[in-house]
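The values are calculated or read from the model by the stated rules, or taken from the named source; none is laboratory data. Since this is a predicted model, take the numbers as computed values, not measurements. Virtual Cβ from ideal backbone geometry, glycine too; neighbours counted across all protein chains shown.
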Amino acid sequence: MRLLELREDDYIGDEEVGEALAYVESFLVRRLIAGVATGNLNRIFQRLAVQLGAEEEVPHAVRVALSPARLYWPSDEQLREEIRSRAFYWQGRTVQQKLILRRIEESLGSKERVDLADKRITIEHVLPQSMTTDWLGELSHEGDDADLLHRQLVHTLGNLTLSGYNSELSNNSFAAKRKQLGQSGLVMNQEIAACERWGKAEILARADRLADRAIAIWPGPEESGRGSATSRDWTLLHSALAVLPAATWTSYSDLAELIGSHPVPVGVHLASVPVLNAHRVLSRSGQVSENFRWTDPDEDRDVHEVLRTEGISFDGAGRASADQHITAREIAELLGLPIAADLAESEAADDGSLSPETLTSREQRFLRQLNEASGPQAAGAVQRLLEHWRSRGGDLQYGTSASASCAPVIKVGGQSLYAIRFYAKSAEIPFGLLRKRKPFDDPALREELRQRLNDAPGVDIPVAKLELYPPIKNTQLANVAVSDVVVAALDWFMAMVTASDEHAGDAP
């Protein structure tokens, strides 16, 4: 508004307004890519508006005002490193991520404009989120731990693209994806298809090419007088640990995935700086790190005893209970990161407008992945549960993402509610989504659902996950005693939703 005011008073013209706004856009985009917290943006721009005067070169003044190191406007060098290593998929909202990818695509001379309003256009992980035997073999050639390499690379910008064929691409091998991407009208997809294979070298090489494009599109800060480079912004890490509930734990790998880092720097930072709840960060296996030390040299408590006192259960090998583990996605949900809401809502999209052919295709894809990942016994148990749901008058909703899913839904008031969503390896209880939907916005009802599910042998959903997405392994459902409890819980869920809808209809 201040820029438009200066333009109206004839102090600057359209060209100067455009140049100044380009610096503002770059400031926002580069910070988003780098995962910089957005909480202070209002204060930054309010102060900037007051500073701008008619007697100065306005675009230059905007750039200089936003350039101090303390404001975390990444330099070209920093941006390049962030694009190579940060989990871009966790940054901002889905539409913001699409916009950045679209701008890069347009800079490549693309003649096919990406319509961000088209829900068929989604962000595709070339290296899939769910690993398969083919992809493990592909990454094993790198000489590093394939699983660790996957976690480090899968959500980075170098591995992401735009596609209208996300479900068709699925978790297919790169050879199959390459053929599909080669038929795309997008230049960035044709460039991916030109690669013989898709591993660490290719992802990082593409990240460097995308960084070149990003640097050309979004100019960096004024370097003169900028001072020494700031260290990494650990705000998101500190915030993540601050919201970690008692009786839960997370891993160095989950935190690294969330903030876009390697687990080692996360461990080094937590070992050197006092951070709330840092003792709740364990190894991926749930064990206390051999290198764990309290940052307070006078602290001599046994960390295992501290965690037990807080409610963490350990097995005989010193591994914390997997049921009490908080994943990167769940931390994103606890923090209220926009991408967490986008992911939950995208899976809850209604299938009502889909053709029978599309539904059949999604059903077949789900059953294929379910059988491959969980085995025929568990797959049979899941299918029997879904058939029971349909016999009660419920519907089935198949997810659109590459990791196939199916939810037994009941449709009320134009919304589809579900108490469980099945994926290839596990079933997810969507407390995080239910808390925004009547009647399960009532925490007492969510608690009753949790208790009913916990009646199943071997199922122990902690109360700390009452607003998250705790999983149950599909293989557990092969036990009739478990599947019977889950079926009974779903029957109760349907009765609660139906009763609530009837009461809503009686309201004046």
Of all residues in the range 1-59 being closer than 19 Å to Arg80 by Cα and of a type in the set (Ser, Thr, Tyr), the one that is surrounded by the fewest Cβ atoms within 10 Å (Cβ to Cβ): Ser26
- prompt: Say we look at the range 395-427 and pick out the residues that are surrounded by 19 or more Cβ atoms within 10 Å (Cβ to Cβ) and more than 23 Å from the chain's Cα centre (by Cα); which of these is farthest from Ile121 (Cα to Cα)?
  reply: Ile410
statement: Selection from the range 245-284 of residues over 29 Å from Arg80 (Cβ atoms), among the hydrophobic types (A, V, I, L, M, F, W, C) and either buried (at least 23 other Cβ atoms within 10 Å of the Cβ) or within 21 Å of the chain's Cα centre (by Cα) (or both) yields Trp249, Leu282
statement: If you go through Arg197, Arg206, the only one that is over 19 Å from Val281 (Cβ atoms) and part of a helix (DSSP H, G or I) is Arg206
field: Checklist (1) under 26 Å from the mean Cα position of the chain (by Cα); (2) surrounded by fewer than 21 Cβ atoms within 10 Å (Cβ to Cβ) applied to Ala207, failing item
entry: (2)
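Restricting the range 36-95 to residues that are of a type in the set (Lys, Arg) and modelled with pLDDT of 85 or more, which is farthest from Pro338 (Cα to Cα)?
So the first thing to find is which residues in the range 36-95 are of a type in the set (Lys, Arg), and the list is 43, 47, 63, 70, 80, 84, 86, 93.
Right, trim to modelled with pLDDT of 85 or more and you get 43, 47, 63, 80, 84, 86.
Numbers: Arg43: 21, Arg47: 26, Arg63: 28, Arg80: 24, Arg84: 22, Arg86: 17 Å.
Of everything passing the filter in the range 36-95, Arg63 is farthest from Pro338 (Cα to Cα).
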query: Only one residue in Val303, Val268 is farther than 22 Å from Phe88 by Cα, of a type in the set (A, V, I, L, M) and without any contact (Cβ under 8 Å) to a residue 12 or more places away in the chain. Which one?
result: Val268
query: Out of (1) over 34 Å from the mean Cα position of the chain (by Cα); (2) of a type outside the set (Val, Ile, Thr); (3) assigned to a helix (DSSP H, G or I); (4) over 28 Å from Lys98 (Cα atoms), what's the single condition that is false for Glu15?
result: (4)
field: Answer from Arg63, Arg70, Arg80, Arg84 - the residue that is surrounded by fewer than 18 Cβ atoms within 10 Å (Cβ to Cβ), assigned to a helix (DSSP H, G or I) and of a type outside the set (Phe, Trp, Tyr)
entry: Arg70
